[in-house]
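The values are calculated or read from the model by the stated rules, or taken from the named source; none is laboratory data. This is a predicted model, so every value here is computed, not measured. Every residue, glycine among them, receives a Cβ derived from its backbone with ideal geometry; neighbour counts consider all protein chains shown. Areas reflect the complete protein model, heavy atoms only, side chains present, ligands, DNA and RNA absent. Shrake-Rupley method; radii C 1.70, N 1.55, O 1.52, S 1.80 Å.
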4 protein chains.
Amino acid sequence: MTSETPKAYWTSSVSDIAPEDIYVRGYPLRSLIGTLPFSAITVLMIRGKLPTPGEARMMDVILSSILDYALHKSGTVAARCVVSVNPQMTAGLGAGVLAAGEHALSPENTGRFIVEAHKAWKASGETMDAFAAKTVERLRAEKARVPGFGHQVFRGIDPRAQALRDEAVAGGVWNEIGEVYEAIHRAFKVAANKPDLVINDVGMIACILAGMGYSPQEMAGIAILSTFPGLIAHISEEMGSGVRNRIVPDETAHYPRARHDLKADMAKAGWKA
Amino acid sequence: MTSETPKAYWTSSVSDIAPEDIYVRGYPLRSLIGTLPFSAITVLMIRGKLPTPGEARMMDVILSSILDYALHKSGTVAARCVVSVNPQMTAGLGAGVLAAGEHALSPENTGRFIVEAHKAWKASGETMDAFAAKTVERLRAEKARVPGFGHQVFRGIDPRAQALRDEAVAGGVWNEIGEVYEAIHRAFKVAANKPDLVINDVGMIACILAGMGYSPQEMAGIAILSTFPGLIAHISEEMGSGVRNRIVPDETAHYPRARHDLKADMAKAGWKA
Amino acid sequence: MTSETPKAYWTSSVSDIAPEDIYVRGYPLRSLIGTLPFSAITVLMIRGKLPTPGEARMMDVILSSILDYALHKSGTVAARCVVSVNPQMTAGLGAGVLAAGEHALSPENTGRFIVEAHKAWKASGETMDAFAAKTVERLRAEKARVPGFGHQVFRGIDPRAQALRDEAVAGGVWNEIGEVYEAIHRAFKVAANKPDLVINDVGMIACILAGMGYSPQEMAGIAILSTFPGLIAHISEEMGSGVRNRIVPDETAHYPRARHDLKADMAKAGWKA
Amino acid sequence: MTSETPKAYWTSSVSDIAPEDIYVRGYPLRSLIGTLPFSAITVLMIRGKLPTPGEARMMDVILSSILDYALHKSGTVAARCVVSVNPQMTAGLGAGVLAAGEHALSPENTGRFIVEAHKAWKASGETMDAFAAKTVERLRAEKARVPGFGHQVFRGIDPRAQALRDEAVAGGVWNEIGEVYEAIHRAFKVAANKPDLVINDVGMIACILAGMGYSPQEMAGIAILSTFPGLIAHISEEMGSGVRNRIVPDETAHYPRARHDLKADMAKAGWKA
């Protein structure tokens, strides 16, 4: 509990409670309220260090850039289904936050690729372009996808990614980590002969967050945080809809209707009557 | 940890770990495996007491009586949506078990009604039928629904409920608590002039579980346990389907497409340019 | 999907997807990014309407006023336990958001009381003070607690609540709903002869959010949102701690160690050997 | 919905609803209730095929072999923490089932190793022992752990694993997949010169379930199912304990209490006063 008990089973530096106030990352909670915007506090909480205005602004922009995706977001559908049966905000949020991962929403895999690429470059002693060319060669030989590249519509530039990058440069948070990723992107366009291939918005978010020091898992958390107000809105809309027990309407479902005889099958499987 | 430390922060009688074995409700785990069927162990775990064969059989029958409800079960849809993005069995199960409550799956509310009705009868000193008549009169004056009564199709008797009741009588677990509920059912049919109104299967499950001593919240847990193998099956089927990001197809969704002008609205709301 | 299909199974006004952009509550996502702070967007998402600067500022202050509570917050402990076994950010968040409710974190019950009190006053046709006096009389007769009153330490004024109220007045979001709650507070202090009883911070948050039109369930969501960055920080700290399988240390646990004989008890319970 | 709509967005073969009954894997639900034990139905649900008595018995034994682990199980602690704040059975279960994974409870990783080893052996065309020797050589070169080997206490034989294996042989579900795993185990004991190294219980469960055709993710689900009655019991015990807001007692926690000056740090970080 105090510095006299360093061998305690639990240790936490996120906040601590004193008689006069709660200290959040060492700052009195009361001094923070109304002084720093919530997005700046988000940085303080996760990174453990007071952000610069540029870092705070960058987080604000990133938090505002995912938000919601109508009923084309699996977590929203899951959350709404849950509260249609169990009308509790917490239950809906619990289901909704689980729906980020390998196939959507999470910049985690992209972030992991970028963090590892940067480390490998530092260890390589090579120029960025030489390293990028070799990396791309290896990835193509392994037929591996580079996460964060490509978009269904955008060619040449993804305007959302470009806006994020502009913010990062303006806020002073663009650095070497982004440069490595862009070097790989340049090398990839050449090697794959795809001069119009873009870095997409998830790629750019992962890239900027990696540059700011966030771990890939923290990136997942931040992406989910961005969608949290929308999740609250959807859950609230669902609970107000009057619909109970959201299901899959039969028009969109196919049930291959096999029919079996239990008695006959049990006899065949060796069950005694 | 031992009986010398009764003031410990946590206390649990569910199981304890000794060097030679884990003791589950006081019985060595190794002695249980293969000796008692899982449904009997379920009773032992939850009620804390070795069941009779009749109690174990009753639990087995109840666990087998919900199981699955195709894609007409909100929790199944939620679980499948989650794993279509985040293909982890645990994530799917986490979402699925949240979807039981006020509007479906859970016998909790019915169980609460039955437990309280039985207590009130005991306290009343009245005959069961007199108590039931007064209870029904009061409920009707309050325009309150009696949970567990009525079915869309079945009239006179719900065959599923009847089969469960027969098991309860045969297993020696039918008792006074069920009798009170049935007395209320009889009085209600007369007062409402609905001679064909049935006690449905959820009503009967709640009634039998109440008679066996389960709390309403434990009834919710048992109902979810019944659906757990089906949930595993659906999650596994979904992860094998190759579909990513389950959404609501546009054909079944309506989006009222309001369009607003941000700049104009900000000016009106008092934001400085 | 369009206004031609108003009878679609699902309806949502939170956002919709057009070829050129995603529209969030009717505003193009790209126009929002970097224009409105995340806390303002939070209001837009949940309330469906562009906030005034005062409403946005109020939300920012409320989001900054809970944040974290060290290891004295059950949801934090739950989240850390989960990721000590299953090191996934989503799994930790899923557990953490479930731990808000009746006994902590959530202003939901307080919010419900305030919303209902305000409605009852409107319906009563009485002066606020007369209504408040009667309400307090009734609550005291029912021995009901008034949620949001009282604090372990603060007497006369809770400085956190006072600061929140000052913000609400300054931001133009303080209104009749807060007045009704304060009238009840005044009447309660007199009737209970507790002149120093405070409205605490949860009471004030619920009161302000009610005045801004949030539903009690939305208040729960907002409280959880305030703690979300801290939750990410704790999960990240836990995954970096190297501890696997967080448990309850034996020093803080008591296991009443009953021991039973399975064979003997089975025979007694009627199981055949 | 019918075989005329094979292109429906959703497809499911787990169950389907007909006017007369629900068909579970093609069998009428009403015919299953009371006919097959719940553990047999578990197999039917997950594997989609009526089990033999030996397969059903094996599942029953496996479901009975994990059950609970006092307060030394992270998921139990998480579930109890959640309901100490939000006393809902579903919320507790939601948190509890998330705590299975890489570091505990789940046979998933072991199962994946076994399934892949078996496939690799089939593809190799080698004898089992030759394949095993090469596999062990490779694993040792990569300094990879073999999941499922070793125990803190047991030497030579893990009696729990042995009992499970005996059941598998007796039930006719022991096969080639288990043989491959045991061949690797033999080869490993020789190569590592650890003649007493055991296959532990998780290794054996994974090995038997792999032999019965379960996927690694399904194994995780089955392990969680085994603990489900215990989870219900713990949640119920917690809600009955009267303790609110389970936290980490200060005696077992260490908070490195850094203190910072917000104004000074903001100035340094470039925030304007």
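Structural remarks
- Once both labels are positioned 7 Å from their Cα atoms along Cα-to-Cβ, the gap between D:ALA18 and A:VAL243 label points is 2.9 nm.
- Phi-derived couplings, Karplus 6.51 cos²θ - 1.76 cosθ + 1.60 at θ = phi - 60°, listed residue by residue for the range D:37-50: x, 4, 5, 5, 5, 4, 4, 4, 4, 7, 8, x, 9, 4 Hz, with x used for Gly and Pro.
- Rounded if a/c under 1.5, otherwise prolate or oblate - the range A:56-208, Cα gyration tensor axes: prolate
- Cβ-derived FRET efficiency at R0 35 Å, D:ARG30 paired with A:GLU251, nearest 0.05: 0.80
- Long-range tail of P(r) for the protein assembly as shown (Cα pairs > 55 Å, %): 17 percent
- Grouping the Cα pair distances of the range A:163-205 into 10 Å bins from zero gives a pair-distance distribution of 26, 53, 19, 1 percent in increasing distance order.
- For chain A, the solvent-accessible area works out to 39 Å² per residue, with a probe of 1.4 Å and every protein chain left in place.
- For the residues of C:23-32, the average number of beta carbons from a partner chain within 10 Å of their own beta carbon is 6.
- Other-chain or far-sequence residues with amide H under 5 Å of B:SER15's (modelled H): B:ARG25, D:ALA70
- Under 30 Å from A:LYS134, Cα to Cα: lysines that are on another chain or at least 8 residues apart: A:LYS119, A:LYS122, A:LYS143, A:LYS189, A:LYS194, D:LYS143
- Inter-chain neighbour count for B:41-47: the average number of beta-carbon atoms from partner chains within 10 Å of each residue's beta-carbon is 6.
- Here the Gaussian network model covers chain B, with springs between Cα atoms less than 10 Å apart; of B:ASN109, B:ASN245, B:ASN200, B:ASN245 fluctuates the most.
- Estimated 222 nm signal from helices in the protein assembly as shown, with DSSP H stretches of n ≥ 4 weighted -39500 (n - 2.57), rounded to 500: -17000 deg cm²/dmol
- For A:ALA269 and D:ALA273, the FRET efficiency from 1/(1 + (r/R0)^6), where r spans their Cβ atoms and R0 equals 60 Å, is about 0.15.
- Counting only DSSP beta bridges whose two residues both lie in the protein assembly as shown, roughly 70 percent are antiparallel.
- Rounded, prolate or oblate (a/c below 1.5 giving rounded, otherwise prolate when a/b exceeds b/c) for the range A:118-273 by Cα gyration tensor: prolate
- Percent RCO, i.e. relative contact order, over chain D, from Cα pairs under 8 Å lying at least 6 residues apart: 24 percent
- Taking amide H atoms as placed 1.01 Å from N in the peptide plane, the amide H of B:LEU67 lies under 5 Å from those of B:THR227, each 5 or more residues away in sequence or on another chain.
- Net length gained if the chain between D:ARG138 and D:ALA258 were fully extended (0.36 nm per residue, minus Cα distance): 38.4 nm
- Of all DSSP beta bridges confined to chain A, the antiparallel ones make up roughly 90%.
- D from A by rotation - nearest chain A beta carbon to the axis, in Å: A:GLY94, 3
- Integer Hz, Karplus 6.51/-1.76/1.60 couplings in order for the range B:252-267, x for Gly and Pro: 10, 10, 10, 10, x, 8, 5, 10, 10, 9, 4, 4, 4, 5, 5, 4
- Under the Karplus curve 6.51 cos²θ - 1.76 cosθ + 1.60, θ = phi - 60°, whole-Hz ³J(HN,Hα) for the range A:11-23, x wherever Gly or Pro sits: 9, 8, 10, 6, 8, 8, 9, 10, x, 8, 5, 9, 9
- When the square roots of the Cα gyration tensor eigenvalues are ordered a ≥ b ≥ c, the ratio a/c for chain A is 1.5 or more and a/b does not exceed b/c, which makes its shape oblate.
- Under 5 Å from the amide H of D:ILE22 lie the amide H atoms of D:LEU29, D:ARG30, each residue being 5 or more positions distant or on a separate chain, with H modelled from the backbone and absent for Pro and chain starts.
- Of D:ALA223, D:ALA70, D:ALA78, the residue with the greatest mean-square motion in the GNM of chain D, using alpha carbon springs below 10 Å, is D:ALA70.
- Residue among D:GLU182, D:GLU237, D:GLU55 with the largest mean-square fluctuation in a Gaussian network model of chain D, springs linking Cα atoms under 10 Å: D:GLU237
- Partner shielding of A:218-228 amounts to 5, given as the average count of beta-carbon atoms from other chains within 10 Å of each residue beta-carbon.
- Whole-percent carbon and sulfur share, accessible surface of the range D:71-132, 1.4 Å: 53 percent
- Separation of the D:GLN152 and D:VAL169 label points, Cα + 7 Å toward Cβ, nm: 3.0 nm
- Chymotrypsin sites (Phe, Trp or Tyr not before Pro) within the range A:110-147: DSSP coil, no more than 14 neighbouring Cβ in 10 Å: none
- DSSP-loop GluC sites (Glu not before Pro) across the range B:91-174, with at most 15 other Cβ within 10 angstrom: B:GLU102, B:GLU126, B:GLU142
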